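A.B. asks: Pasting in a structure now, in structure tokens, and then I'll have a few things to ask.
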Amino acid sequence: MNTAESYIYPPYKKTKTANKIRIFVNELRLFEYVRLTVLLYDDSTDELIETKVMTIQEEDYKAWGSDDKYIFEYVKNRLQNEN
């Protein structure tokens, strides 16, 4: 068997906390948007908890300027707003 899919009932539930991120630029279109892959990790075990894809566009993209710290702050704020 190469790949298989099935439903689980009752659902499997697991809660983990991520406290470190790594960000990769997937796609950059100058003056329009940047698409990022955000990897969330538990820093004590370096275990990958979750992977997210985010796009920064429009006014948020224009606010980026030349300081990449903006990207980290943007991602952190967006993750906090998801909770």
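Values in this text are rule-based calculations from the coordinates and carry no lab data. Just so it is clear, the model here is predicted, and its values are computed rather than measured. FYI the Cβ positions are ideal-geometry reconstructions off the backbone, even for glycines, and counts take in every protein chain you see.
A.B. asks: Among the residues that make up segment 19-30, is at least one of them among the aromatic types (Phe, Trp, Tyr) and more than 19 Å from the chain's Cα centre (by Cα)?
C.D. replies: No, segment 19-30 has no match at all.
A.B. asks: Pick from segment 1-26 the residues that are surrounded by 10 or more Cβ atoms within 10 Å (Cβ to Cβ) and of a type in the set (S, T, N, Q): which of them is farthest from Lys76 (Cα to Cα)?
C.D. replies: Here the residue is Asn26.
A.B. asks: Take Arg35 and tell me if it is closer than 26 Å to Thr15 by Cβ, among the basic types (Lys, Arg) and surrounded by 14 or more Cβ atoms within 10 Å (Cβ to Cβ).
C.D. replies: No, not satisfied.
A.B. asks: Can you list residue pairs whose Cβ atoms sit under 6 Å apart, with the first residue in segment 1-25 being at negative phi and the second being assigned to a loop (DSSP other than H, G, I, E, B)? Count only pairs 6 or more apart in sequence or on different chains.
C.D. replies: Asn19/Asp43; Lys20/Asp43
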